[in-house]
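These notes are about the structure you will find just below.
A short reminder: the numbers here are calculations on the coordinates, not readings from a lab. Since we're looking at a predicted model, the values are computed, not measured. Here the Cβ positions follow ideal geometry from the backbone for every residue, glycine too, while neighbour counts run over all protein chains shown.
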Amino acid sequence: MDATKLVSIYIKMRDAKDALTREYEAKINEVKEQMEVVEQALLDICKETGQDGGRTVYGSFTRTVKTRFWTNDWQSMYSFIKQHDAIQLLEQRVHQGNMKQFLSENPGLLPTGLNTDSKYSITVRRATK
């Protein structure tokens, strides 16, 4: 098969995948919205009764507190982490773009335990009209 035919097939498949993804996400969002209404009703029951949950013949529900943390001042956050030697406050992952740039600028410096995986990939773009 030649490249022209393969690119045509690939674009049709990608379009079909995108359409299915949009349809799936729309349906999932509908269900999520309905679930949020039910969750709010259960939270209201907890508030009214002063309880943190309950049991029914179909299952139980529990009210919990979920707390998220973030910053809008990363310089202060980095200073705080350094000051208190609290590196555990950050997630354990390597920023891909920054590591790639660091290694290109410092080819002789490799952190112990750094793993890498490289592979060729293909990018297909639709022709402009």
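Total lysine pairs in the chain at Cα distances under 29 Å, for residues eight or more apart or on different chains: 17.
Go through segment 54-93 and name the chymotrypsin sites (Phe, Trp or Tyr not before Pro) that are in a DSSP coil and have 11 or fewer other Cβ atoms within 10 Å of their Cβ. Answer in residue order: Tyr58, Phe69, Trp70.
May I ask you to list the residues of segment 103-129 whose amide nitrogen lies under 14 Å from a point 7 Å from Cα along the Cα→beta-carbon direction of Tyr10? From segment 103-129, the list is 120-127.
Hydrodynamic estimate: the Kirkwood radius of the chain over Cα pairs, inserted into Stokes-Einstein at 37 °C and 0.692 mPa s, corresponds to D of 150 µm²/s.
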